[in-house]
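Undergrad: Dumping the structure here so I can ask a few things about it.
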Amino acid sequence: MAAGAFFATSAQAALLLSTSFSDNFPFGPFRPNENIEIVISVTNTSTTQTVTICEGPCIGNEFTYSFGGQASIPDGYSFYFGNDPFEAVFDGQIAGVLLPGQEKDFIFGTYTPIDDAAEGFYSFGTQLQIFDATADRLMLATPTFSGNWEVKCSEFPGGGSTGGCFPGPGPFPVPEPTSLAVLSIGLASLAAIRRRKQ
């Protein structure tokens, strides 16, 4: 369904970061109106060296890494990097220092349905880009997460069909005045029948 891959240049010998997309699983199925967040775990693989991460271009030492990204967006969805559509890049979630052996999760990006998405499978692709923090900004690694996600309606509790998607718990509908009148007449009739029997 979805897979992670890790591609790198020969410069990766100095890279002290590993990435994982395993926190995304199980990956769906998703409801038609559900946002889909892509989560990445980044780990400092060194036992002695602290590393610094910046979001976007920056200049630093050999243990400073610059993050960027790209994503393919299926029809019917929009996408923004991070967890806030109004902030830049990854919203400051991952910027800063990672101590030796430290792991940190961050939301790479969020897919949002433009309207309720149709049931089916949607192809997507995401790529974290890790650069060195030099003026040349050489790419060191491009871990990717791609595949298909499924959009599926929730089944109505107890079986049956709603003629659409079950939206989940929500406010109960208020009965119409006509329905209340019919119910009142029925209850009054039952009370009258019971009195006659006594």
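The values are calculated or read from the model by the stated rules, or taken from the named source; none is laboratory data. No experiment lies behind these values; they were computed from the predicted model shown. What goes into the accessible areas is simple: the full protein's heavy atoms, side chains included, and nothing from ligands, DNA or RNA. Shrake-Rupley method; radii C 1.70, N 1.55, O 1.52, S 1.80 Å.
Undergrad: Accessible area of the stretch 15-93 with a 1.4 Å probe: how many percent of it is carbon plus sulfur?
TA: Carbon with sulfur: 49 percent of the solvent-accessible area.
Undergrad: Does the stretch 38-87 classify as rounded, prolate or oblate by the C-alpha gyration tensor (a ≥ b ≥ c root eigenvalues; a/c under 1.5 gives rounded; else a/b over b/c gives prolate, otherwise oblate)?
TA: Taking the square roots of the gyration eigenvalues as a ≥ b ≥ c, the stretch 38-87 is prolate.
Undergrad: Sticking with this one: Apply the a/c threshold of 1.5 to the C-alpha gyration tensor of the stretch 14-141 and tell me whether it is rounded, prolate or oblate.
TA: prolate
Undergrad: Given 0.36 nm per residue, what is the gain on full extension from Asp105 to Glu87 after removing their alpha carbon distance, in nm?
TA: The Asp105-Glu87 span can extend by a further 4.7 nm.
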